[in-house]
Amino acid sequence: MRFFFRRLRHACFLLFGVSILAFLFTTLAPGNYFDEMRLNPQIAPETMAALRAQYQLDRPLPVRYVSWMNSVLHGQMGFSFAYNSPVAPILFVRARNTLLLTITATLIAWGIALPLGVWSAERFGRLPDRLLSWATAALLVIPDLALALGLLVLTVRTGWFPTGSMTSLDFGSLSLGGKFRDLALHMTLPVAALVLSGLPLLIRHVRAAVAEVLDAPFMLAARGHGIPRRTLLYRYALRVAANPLISLFGFSIGALLSGSLLVEVVMSWPGLGPLLLESILSRDLYVVIDGVLFSTMFLVSGNLIADILLYWADPRIRTESAAR
Amino acid sequence: MKNRRAGPHWRRTFLCSFALLFLSLGQAAASPQQKSIKEELFVLPGEVGKRGGRLVFALRGEPKTLNPLIAADTRSREVIGIMQADLVHINRATQLTEPALAKSWKISPDGLQYTIVLRHGLKFSDGQPLDADDVLFTFRVYLDENVHAPQRDLLIISGKPITVRKLDARTVVFRLPKTYGVGERLFDGLAILPRHLLEKPYQEGKVSQIGTLATAANQWAGLGPFRLKEYVAGQRLVLERNPYYWKTDVNGNRLPYADELVFLFVPNADAQVLKFQSGETDAIAQLSAENFSVLSRQLRGYTMVDAGPGLEYNFLFFNLNDLGEKTSPELTRKQKWFREVRFRQAVSAAVDREAIVRLVYQGRGTPLWGLVAPGNRRWGNEELAHPPRSLERARALLKDAGFSWGNGPNGESSLLDSEGKPVEFSILTSSTNADRAKMATLIQDDLKQLGMRVQVVPLEFRSLLDRVTQTKEYDACVMGIASYDADPNSDINVWLSSGGTHLWNPSQEHPATAWEAEIDRLISEQMIARTFAQRKKLYDRAQEILAENQPMIFLASPDILAGAKNSLGNFQPAVLEPYVLWNVEQLHLKNAPENAPR
């Protein structure tokens with residue numbers, strides 16, 4: 001428990017530090033939300049000055065930071081200049097959509113990577129392993145953007161899947177099964193892009209971790225004792241190889257909110273990606289800062305979960321922690 | 001006795017009247033399609049369409065608000081334009097005014113008073129009637145300094161606000177502090193607000209906080225052809241037909257034709273093209289020349305239209321700001337060249353505008369020599385010279401201004417100023433606008449032939465605006481402005497030296513040069529001139545002065561490129577915004593379901 005609270009304390013400090021940095025960098029970037037109005041010859045500079053004052057853009061930075069922090073503590077998370085409303089409801093809906101996409105993609109990617117990595121490790125150095133290595137290397141070098149665009153072009157040519165968005169126009173009138181099918185169809189392309197981009201790294205890590213364990217003397221002994229192959233691989237080898245994989249899993253959780261932004265923009269998925277991109281370009285400050293803070297929270301939580309899992313899986317960490 | 005006899009008769013009459021009233025009210029509520037005798041509907045000429053169906057368009061991102069009082073972005077304004085209506089409207093095809101909510105208007109002989117008569121029987125999209133009080137309320141809100149509505153600036157003339165008063169339930173009088181050459185165009189785009197919904201929040205000081213996209217459909221109303229139905233965050237905005245809309249076709253069918261209008265939010269131009277190609281959207285606008293040619297090559301059930309040059313003008317300008325002590329020695333040295341009119345004229349002579357049209361717009365654009373884009377049919381000065389590119393003339397002008405040529409470090413010809421220093425400067429351009437980045441590169445190449453060394457600096461758009469309008473730390477910049485209207489009023493802040501978009505030297509307290517003072521005078525005079533001929537004469541002269549002095553070196557104007565499915569009827573893209581949806585009430589699906597109600 002003490003271990004958990006210590007990590008939690010670190011996480012809070014980290015979040016506080018990130019909030020200050022994110023606030024500073026975003027507010028110090030040149031330009032502000034109302035600058036584009038300057039190019040509208042019909043709007044007088046006095047109106048823009050009044051709007052800047054109304055949204056406190058003329059106040060000193062520390063005052064604005066405290067005001068924003070106060071809003072965060074009250075659950076509003078600041079105010080969006082563009083949407084003219086608190087940031088929280090705008091962000092939550094998009095974060096939910098992003099999580100739906102990334103959790104699905106992460107589960108599928110891990111679901112494929114674990115057996116495939118173990119399978120490949122078992123055949124380490126042989127033809128099937130080498131073929132898989134080439135395939136993963138090829139996928140690794142293709143940028144996410146190219147992968148997503150390639151899938152989109154394929155879809156436009158074949159018409160198999162919708163080219164973006166999350167649901168069809170008639171989604172509301174569909175039956176429950178129909179809704180599920182519709183959502184699944186819309187998710188297929190972005191999920192495929194995310195899985196294909198994340199899979200090679202996972203397979204390679206699983207393969208390397210398990211292959212290292214398979215050569216260990218205790219595995220030879222276990223094999224000598226006649227333990228069945230499947231039990232040997234999944235109960236013993238994978239468990240021993242779990243440490244780096246748990247860290248990687250923590251990283252996967254950390255990337256849940258930030259790992260799909262590019263794919264979302266390309267595939268018109270209504271998640272955080274398009275919102276953050278537009279907010280950055282239009283200097284909708286608090287949406288950007290909250291987006292960064294949200295992603296950091298996931299990163300910190302991912303690390304925290306990984307630490308707890310490691311604590312649970314690895315007795316050495318428990319002992320070290322108890323010794324402290 | 002009398003009373004006893006009169007009793008049942010009175011009761012019968014009352015009951016009959018009540019029944020009739022009830023029936024008529026019931027009918028009106030149940031079937032708003034049926035025209036009441038009093039309704040004065042606006043009959044639109046054009047192809048008679050088919051009722052029913054759903055129109056789908058893509059917007060490059062989400063609109064941000066439904067509230068006309070705070071809408072600052074193009075997408076919100078486009079959606080609001082469809083849900084709201086104005087008193088007098090500029091027809092995007094003819095570029096002339098036409099009656100909208102106002103049945104007619106009369107201008108007093110001194111030009112200071114506009115008497116506007118509203119149509120009979122107008123109703124908001126929630127069925128509530130519109131009267132003069134709604135108009136009064138609307139202008140009270142627009143003019144309220146605490147609301148900070150962008151519309152306020154349009155209603156302040158010579159520092160004084162327009163006043164509005166009610167004559168009767170359908171007549172309002174607008175009193176202008178000074179004659180205003182714009183005339184009734186002033187009312188275009190000023191949405192009449194629903195007093196029954198906004199008065200309470202206005203009194204509570206919350207009128208700017210309402211009308212978010214999450215507003216419930218029954219809490220928002222307008223006078224446009226479509227009304228709010230559903231908003232799905234990040235995905236789409238669904239509007240439905242306004243059954244109380246005040247326009248009909250020539251056969252008397254109440255418009256709009258479509259039952260639903262859906263805006264899909266698509267974050268980038270390429271995805272928008274893919275959606276159109278795959279048949280998910282019915283029309284597409286604001287296409288780049290590249291995408292237009294791609295779509296034109298693979299016509300699959302759709303038609304592509306080049307509507308001709310629009311009102312966007314792209315230009316190069318130099319930093320002519322007087323920053324006083326803040327000016328760096330380097331900028332001071334460069335500003336000596338930039339302030340020399342022959343230097344600017346030489347740059348203008350060296351720029352190959354035809355090449356810009358050919359290479360940037362693939363031939364789908366027009367070279368520019370003045371601020372009035374060729375899409376503006378009434379206000380361009382046709383006498384303005386369109387000199388072809390001439391490096392000889394450019395060299396002669398530079399020589400005349402004291403420049404000379406020497407050899408650069410690599411042996412190439414280099415332009416030197418009167419102090420023998422090489423002419424080198426940078427051109428800022430927006431990194432998010434590929435067309436302007438290409439223009440800057442072509443200018444770089446053109447000026448290299450004069451011996452000038454130019455660097456192109458692409459900057460993120462807000463940073464660029466910050467440099468140009470705030471810190472003013474730049475040498476030159478390529479930018480573009482799309483006029484909102486054909487009338488000179490829409491660009492007044494570009495012309496006037498006190499204007500915020502007088503980009504080469506904005507917001508001057510006093511005109512920095514004699515020719516800027518002269519332009520100020522001409523533009524101010526044309527704003528109060530009474531006749532078009534008077535205004536045009538003054539405006540033509542202002543255009544001449546601008547062309548002589550070249551504070552902005554005009555480059556090119558792109559064509560308005562659009563496309564639509566062959567099944568979309570009445571598709572007639574215009575060169576004024578909104579290019580495709582300006583006649584949304586008349587757009588119809590030729591393959592709409594047959595059983596749609598009439």
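Coordinate-derived values only; no laboratory data. The shown structure was predicted, so the numbers you read here are calculated from the model rather than taken from an experiment. Note that each Cβ is placed from the backbone with ideal geometry, even for glycine, and that neighbours are counted across all protein chains shown.
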*For chain B, with the dipole built from +1 on Lys and Arg beta-carbon atoms and -1 on Asp and Glu ones, taken about the Cα centre, which of B:G375, B:Q508, B:G111 lies farthest toward the positive end?*
B:G111
*Starting from the amide H of B:V456, placed 1.01 Å from N in the peptide plane, find each other amide H under 5 Å away whose residue is 5 or more places distant or on another chain.*
B:I427
*Would you mind checking the tilt of helix A:144-158 against the longest principal axis of the Cα atoms of chain A, expressed as 0 to 90 degrees and rounded to 10?*
90 degrees
_Using the Cα centre of chain B as origin and beta-carbon charges of +1 (Lys, Arg) and -1 (Asp, Glu), tell me which of B:I90, B:N493, B:A221 is placed farthest towards the positive end of the dipole._
B:A221
_Can you give me the angle between helix B:391-400 and the longest principal axis of chain B, using Cα atoms only, in degrees from 0 to 90, rounded to the nearest 10?_
70 degrees
*Calculate the mean, over all residues of peptide A:162-175, of how many other protein chain Cβ atoms lie within 10 angstrom of the residue's Cβ.*
4
*Specify whether the C-alpha gyration tensor of region B:110-210 places it in the rounded, prolate or oblate class, a ≥ b ≥ c being the square roots of the eigenvalues: rounded for a/c under 1.5, otherwise prolate if a/b is larger than b/c and oblate if not.*
oblate
*Could you size up the charge dipole of region A:1-159 around its Cα centre, putting +1 on the beta carbon of Lys and Arg and -1 on that of Asp and Glu, and report it in debye to the nearest 20?*
600 debye
*asked:* With the cut-off at 24 Å, tell me which of the pairs B:K123/B:K166; B:K160/B:K200; B:K38/B:K166; B:K106/B:K160; B:K123/B:K178 have Cα atoms farther apart than that.
replied: B:K160/B:K200; B:K123/B:K178
*Which ³J(HN,Hα) values in Hz, rounded to whole numbers, follow from the phi angles of region B:243-249 under the Karplus curve 6.51 cos²θ - 1.76 cosθ + 1.60, where θ = phi - 60° and Gly and Pro get x?*
x, 9, 4, 9, 10, 10, 8
*Within region B:322-421, report the GluC sites (Glu not before Pro) that DSSP leaves as loop and that have at most 12 other Cβ atoms within 10 Å.*
B:E382, B:E383, B:E412, B:E419
*Mind jotting down the distance between the C-alpha centroids of region A:93-170 and region B:338-358, whole Å?*
52 Å
*asked:* To the nearest 20 Debye, how big is the dipole of the protein assembly as shown about its Cα centre, given +1 on the beta carbon of each Lys and Arg and -1 on that of each Asp and Glu?
replied: 3020 debye
*asked:* Could you give each residue of region A:123-133 its phi-based ³J(HN,Hα) in whole Hz, using Karplus coefficients 6.51, -1.76, 1.60 with θ = phi - 60°, and x for Gly or Pro?
replied: 9, 3, x, 8, 4, x, 5, 5, 4, 5, 4
*Note down the relative contact order for chain A as a percent, whole number, built from C-alpha pairs under 8 angstrom at least six residues apart.*
26 percent
*Would you please state the base-10 log of I(q)/I(0) at q = 0.15, 0.21, 0.22, 0.24 1/Å for region A:2-86, with intensities from the Debye formula using one equal scatterer on every alpha carbon?*
-0.69, -1.10, -1.16, -1.28
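Kirkwood hydrodynamic radius of the protein assembly as shown from all distinct Cα pairs, in Å?
Values: mean 1/r = 0.0316 Å⁻¹.
It is 31.7 Å.
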*Counting only other chains, what is the mean number of Cβ atoms within 10 angstrom of the Cβ of each residue in peptide B:468-474?*
2
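Based on a Kirkwood Rh over C-alpha pairs, give the Stokes-Einstein translational diffusion coefficient of region B:423-524 at 20 °C and viscosity 1.002 mPa s in µm²/s. Walk me through the numbers on the way to the answer.
Details: Rh = 15.0 Å.
Roughly 143 µm²/s, to the nearest whole number.
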*In units of 2.2 N^0.38 Å, what is the alpha-carbon radius of gyration of chain B?*
1.12
_Using alpha-carbon coordinates, inclination of helix B:329-338 to the longest axis of chain B, degrees_ = 80 degrees
*Can you spot the aspartates and glutamates whose alpha carbon is less than 19 Å from B:K103's alpha carbon? Ignore those fewer than 8 places along the same chain.*
B:E39, B:E40, B:D86, B:D131, B:D133, B:D134, B:D168, B:E184, B:D188, B:D249, B:E585
*Which shape class applies to chain A: rounded if a/c is under 1.5, otherwise prolate when a/b exceeds b/c and oblate if not, where a ≥ b ≥ c are the square roots of the Cα gyration tensor eigenvalues?*
oblate
*What shape does region A:219-294 take by its C-alpha gyration tensor, where a ≥ b ≥ c are the square roots of the eigenvalues and a/c under 1.5 counts as rounded, a/b above b/c as prolate, and the rest as oblate?*
prolate
_Size-normalised alpha-carbon gyration radius of region B:312-558, reference 2.2 N^0.38 Å_ = 0.99
*Once phi is turned into ³J(HN,Hα) by the Karplus curve 6.51 cos²θ - 1.76 cosθ + 1.60 with θ = phi - 60°, what whole-Hz value does each residue of region A:54-60 show in order, with x for glycine and proline?*
4, 9, 6, 6, 9, 8, x
*Let me know the mean shielding of A:28-38 by other chains, meaning the per-residue number of their Cβ atoms within 10 Å of its Cβ.*
6
*Taking a cut-off of 13 Å between Cα atoms, list the aspartates and glutamates near B:K537, but don't count ones fewer than 8 places away on the same chain.*
B:E382, B:E383, B:E525
*Place +1 on the Cβ of every Lys and Arg and -1 on the Cβ of every Asp and Glu in region B:312-558, take the dipole about the Cα centre, and give the residue among B:I523, B:G420, B:L555 whose Cα lies farthest towards its positive end.*
B:L555
*Taking the DSSP beta bridges in the protein assembly as shown as the whole, what percent of them are antiparallel, to the nearest 5?*
80 percent
*asked:* Amide H of B:Y231 versus every other amide H placed in the peptide plane: which residues, excluding those fewer than 5 positions away on the same chain, fall under 5 Å?
replied: B:V238
*So, in Å, what gap is there between the alpha-carbon centers of region A:1-64 and region B:423-444?*
31 Å
_Debye, to nearest 20: dipole size of chain B, +1 on Lys, Arg Cβ, -1 on Asp, Glu Cβ_ = 2540 debye
*May I ask you to derive the relative contact order of region B:312-558, considering only C-alpha pairs under 8 Å and at least 6 residues apart, and to give it as an integer percent?*
31 percent
